[in-house]
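Enquirer: Got a structure here, written out as C-alpha cells. Questions coming.
The values are calculated or read from the model by the stated rules, or taken from the named source; none is laboratory data. Here the structure is a predicted model, which means the values were calculated and not measured. All Cβ positions, glycine included, derive from the backbone under ideal geometry; neighbour counts span all protein chains shown. Accessible surface areas use protein heavy atoms only, side chains included; no ligands, DNA or RNA. Shrake-Rupley method; radii C 1.70, N 1.55, O 1.52, S 1.80 Å.
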Amino acid sequence: MIIRAANIQDASSIAKIHVDGWRQAYAELIDQDYLDSMDYLASEKKWIANLTNSADMVYLVASSKDNQILGFCVFEPVSLKIKLKALYVGSTSQRNGVGKAFLKYLLEYSIRHKVKEIIVWVLKDNPFLRFYTKFGAAYSGESEIQIGAKSYIQLCYKWGDLDILKSTLQ
C-alpha cells in the first residue's frame, strides 16, 4: 500500500468510498432520505471539482500495488494546525492499517511543517469515533452542523500533543 496525492482519475473511487462510507457509518444517525439521495455520479463530479480547484486542501489516497483505491484522506493545513476534513477507508479494506497509514502521513507532515495540533470533527455517535480516540485524540468541544434539512451535533477531537499520536502509532 502507498499513500499518494489524489488525482482526477481517482475521483470515481473516492466518490464510491465516500457515499458507501456515509451509508455505512451514518445509517442510524442521519436521516435516511438524505443518505438515499446520495449519488455516486454527483459525488464524483464534486470530487473532480475539489481535486481541480482547491489549492488549500491536501487530498490523499491509499492505493494497493495494482492501484486500487483503498481509502482517502483530506486535510487543510492552517497556520500551525491541521484540520482533518475526511478520512474514509473502503469497507473491504477496513482494519488493515489504511487509516493508521493516513495518520502516520499526517504525523510526518506535521513534523516537517512544524504543525502543533491536528483536529477532526466527528458526528456524535459515529461508530468510527473510537478510531481517533484509540490513537490518542482527546475531546475538545462540540457544535451543531446542518446536514440536509436536519441539525446534528458534531464533536471536536484533537491531538494537541503530537507525541501522543506518535506513541500510539508505533
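Enquirer: Quick one: length gained pulling Leu80 to Lys150 fully straight, 0.36 nm per residue minus the C-alpha distance? If you can, show how the numbers build up before the last one.
Expert: Values: separation 70, 0.36 × 70 = 25.20 nm, distance 3.30 nm.
Length gained between Leu80 and Lys150: 21.9 nm.
Enquirer: Still on this structure: Mind checking which aspartates and glutamates have their Cα closer than 18 Å to the Cα of Lys83? Skip sequence neighbours fewer than 8 apart in that chain.
Expert: Counting by Cα, and skipping residues close in sequence, Lys83 has these aspartates and glutamates nearby: Asp56, Glu108, Glu117, Glu142, Glu144, Asp161, Asp163.
Enquirer: Something else about it: Figure the gain on full extension for Asn50 and His113 (residue separation times 0.36 nm, minus the Cα-Cα span) and round it to one decimal in nm. Don't skip to the end; give the middle numbers.
Expert: Details: separation 63, 0.36 × 63 = 22.68 nm, distance 2.32 nm.
That works out to 20.4 nm of additional length.
Enquirer: Ok, one more. Give the Cα extents of the chain along the principal axes, in whole Å, largest first.
Expert: Largest to smallest, the principal-axis extents are 41, 38, 31 Å.
Enquirer: How about region 78-149: which trypsin sites (Lys or Arg not before Pro) there are in a DSSP loop, with at most 11 other Cβ atoms within 10 Å of their Cβ?
Expert: On the way: sites: Lys81, Lys83, Lys85, Arg95, Lys100, Lys104, Arg112, Lys114, Lys116, Lys124, Arg130, Lys134; in loops: Arg95, Lys114, Lys116, Lys124.
When the trypsin sites (Lys or Arg not before Pro) of region 78-149 are filtered for loop state and at most 11 Cβ neighbours within 10 Å, Arg95, Lys114 remain.
Enquirer: Out of every Cα pair in region 94-146, what percent are spaced more than 17 Å from each other? Before the final figure, lay out the partial values.
Expert: On the way: 631 of 1378 pairs.
Distances greater than 17 Å cover 46 percent of the Cα pairs.
Enquirer: While we're here: What translational diffusion coefficient, to the nearest whole µm²/s, does region 82-170 have by Stokes-Einstein, given a Kirkwood radius computed over alpha-carbon pairs, a temperature of 20 °C and 1.002 mPa s viscosity? Display every interim value, and only then the final one.
Expert: Details: Rh = 13.8 Å.
For these conditions, the coefficient is 155 µm²/s.
Enquirer: Continuing with the same structure: With 26 Å as the limit, write out which pairs from Lys114/Lys158; Lys45/Lys85; Lys45/Lys104 have Cα-Cα distances beyond it, or answer none. Each step should come with its number before you reach the end.
Expert: Working: Lys114/Lys158 16 Å; Lys45/Lys85 18 Å; Lys45/Lys104 29 Å.
Long pairs (Cα-Cα over 26 Å): Lys45/Lys104.
Enquirer: Still on this model: At 1.4 Å probe radius, can you tell me the per residue accessible area of the chain in Å²? Working shown, then result.
Expert: Values: 9430 Å² over 170 residues.
I get 55 Å² per residue for the chain.
Enquirer: A follow-up question, please. Given 0.36 nm per residue, what is the gain on full extension from Gln9 to Gln68 after removing their alpha carbon distance, in nm?
Expert: Details: separation 59, 0.36 × 59 = 21.24 nm, distance 1.14 nm.
Full extension from Gln9 to Gln68 adds 20.1 nm.
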